[in-house]
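Trainee: If you scroll down you'll find the structure; I have some questions about it.
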Amino acid sequence: MVSHTIGFDIKRIGESSIIRAALKVQAHSNVPTCEALEDLFLHDPKCRQLFIESIVVTESWLFREPNVFQHINTLLRHRLKNQSEVKILSAPCATGEEACSIALSLLDSGHSLDQFCIIAADISQNAIEGAIRGRYPEKAFRSIDETQKKKWFSSTPSGWQVSPQIQETIGFLNRNLLDTQTETDLLHKAKGRFDLICCRNLLVYFTKPQRENLLQTIQRLLKPDGELVVGAAEAFILPTGTWEPTGPLTFRIRKQVNESQPTQQEETQRAGNKSTICTQVELTQVELNRTEHDDSKIHSKKITTSAAVACSKIIQDVEALANAGEIENAIRLCQKSLQLNGAQTDLLYMLAILHQTAGDFVASEKLLEKAVYLEPRHEGALLSLALIAKRRGDLIAERRYRRSASLGGIHS
């Protein structure tokens, strides 16, 4: 019922999360048997919503993956040459951080309020109520500079309140994306199809049938040349026969071969998107030899550059395999490279995400722990571990990982 109604793959979110949510509904409704609980879940909207609120994760932060927002600005400028307004959907929107970031970014770039329309939807009623309030804790600002913070937010005893000017640009809806009525509601709210849909960190948790259903809905909601934004782990699972990259974590419906070939700009964007995941490999031995001859230093510099290029190439090859649906081959390539150099933290993190995609959360957690051991402030690995700890019910570990991530901020 959970997979059919919410779309979640039980293996990915954990049976313990389902049990905790079911017990919460059972305690609230005082039903004695599983059968009675099942009937309640099917026919009582309030109990079903309580179950949903107990199982979904609604936390996000402002300007998550900053390059995405730069791309959205570019897309808006390009489209405004031929149309008066650009329509954007953020779903799931959590408590509104992504939608606020889009609006803030566009207004900071000089666009006017009448040039864009943002609709934001989420299955969690609590999240939507929080988004409408527009008040955020300090940890939501890990990727935003102080100038923007002071310009668009004001301090209150219960958090940072977003400017009414930002809130006025967003229409919030409490909707389940798998509900057949949602598509009609979104099109009605936006008065047409969307130029851009941000659907990040949802597809990766869905069963394959529901993932395919949602992608079909997204295709219908998008304009013919519209773009889709996904999460870092989800670029691996998009069907490459249908979708092609256009920028950082952004994709559009692939055109038929006889219609057009990718332009040089698209190829450059694709290469840039792939290479940004990798940071330069640190060669400790080279750094220790600082007192050696100048030509020795030049040689060391060449080795470092060469290693960075090799790392970038491996990650590009891994992504190409993953995008083609060859997850097992992508995992093997990661493992082969890590046998030669086990200290490649970005490759460890990528391998962990691939294992999650394949449904092996035990192996994923071990790799994330190794990445954090080698790079204690690796934000992506720390936040992934925090999510795993939360689903396991270990709130102390979750807080510890999130606190460490907030002190780092070097990976998103």
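The values are calculated or read from the model by the stated rules, or taken from the named source; none is laboratory data. Source: prediction; values computed, not measured. FYI the Cβ positions are ideal-geometry reconstructions off the backbone, even for glycines, and counts take in every protein chain you see.
Trainee: Do we have Gln339 as without any contact (Cβ under 8 Å) to a residue 12 or more places away in the chain and of a type outside the set (Phe, Trp, Tyr) here?
Mentor: It is true that Gln339 is without any contact (Cβ under 8 Å) to a residue 12 or more places away in the chain and of a type outside the set (Phe, Trp, Tyr).
Trainee: Could you grab me the full set of residues in segment 215-240 that are modelled with pLDDT of 80 or more and either part of a loop (DSSP other than H, G, I, E, B) or outside the structural domain of Thr184 (by TED's automatic domain parsing) (or both)?
Mentor: The answer is Val230, Gly231, Leu238, Pro239.
Trainee: Looking at segment 165-176, is at least one residue at positive phi and in the same structural domain as Lys81 (by TED's automatic domain parsing)?
Mentor: No, segment 165-176 contains no residue that is at positive phi and in the same structural domain as Lys81 (by TED's automatic domain parsing).
Trainee: Same structure, new question: Out of the residues in segment 111-122 meeting the condition of being under 21 Å from the mean Cα position of the chain (by Cα) and aliphatic (A, V, I, L, M), tell me which one is surrounded by the most Cβ atoms within 10 Å (Cβ to Cβ).
Mentor: Taking the candidates together, the pick is Ala120.
Trainee: Can you pull out every residue in segment 6-42 that is surrounded by 12 or more Cβ atoms within 10 Å (Cβ to Cβ), modelled with pLDDT of 80 or more and β-branched (Val, Ile, Thr)?
Mentor: Selection gives Ile6, Ile10, Ile18, Val25, Val31.
Trainee: Does Gly159 satisfy the criteria of being free of Cβ contacts under 8 Å to residues at least 40 places away in the same chain and touching a Gly at 6+ places or on another chain (Cβ under 7 Å)?
Mentor: No: the conditions fail for Gly159.
Trainee: Only one residue in Pro45, Pro92 is loosely packed, with under 15 Cβ neighbours inside 10 Å and out of contact with any Lys or Arg (no Cβ under 7 Å at 6 or more places or on another chain). Which one?
Mentor: Pro45
Trainee: Got a number for residues in segment 327-370 being surrounded by fewer than 22 Cβ atoms within 10 Å (Cβ to Cβ), in a loop (DSSP other than H, G, I, E, B) and not small (Gly, Ala, Ser)?
Mentor: Summing the residues that are surrounded by fewer than 22 Cβ atoms within 10 Å (Cβ to Cβ), in a loop (DSSP other than H, G, I, E, B) and not small (Gly, Ala, Ser) in segment 327-370 gives 2.
Trainee: Restricting to segment 123-160, count the residues that are surrounded by 20 or more Cβ atoms within 10 Å (Cβ to Cβ), among the hydroxyl-bearing types (Ser, Thr, Tyr) and part of a strand (DSSP E or B).
Mentor: 1
Trainee: Of the numbered conditions (1) more than 21 Å from the chain's Cα centre (by Cα); (2) farther than 30 Å from Pro245 by Cβ, Ile55 satisfies every one except a single condition; which is it?
Mentor: Unmet condition: (1).
Trainee: Now a separate question. From the set of residues in segment 178-200 that are among the polar types (S, T, N, Q) and out of contact with any Lys or Arg (no Cβ under 7 Å at 6 or more places or on another chain), which is farthest from Cys117 (Cα to Cα)?
Mentor: Thr180
Trainee: Six or more apart or on different chains, Cβ atoms under 9 Å: show the pairs whose first residue is in segment 52-80 and at positive phi and whose second is surrounded by 19 or more Cβ atoms within 10 Å (Cβ to Cβ) and of a type in the set (Phe, Trp, Tyr).
Mentor: Sorted first by the residue in segment 52-80, then by its partner, the pairs are Phe63/Phe69; Phe63/Phe141.
Trainee: Hey, among Ile303, Ile331, which residue is modelled with pLDDT under 80 and hydrophobic (A, V, I, L, M, F, W, C)?
Mentor: On inspection, the qualifying residue turns out to be Ile303.
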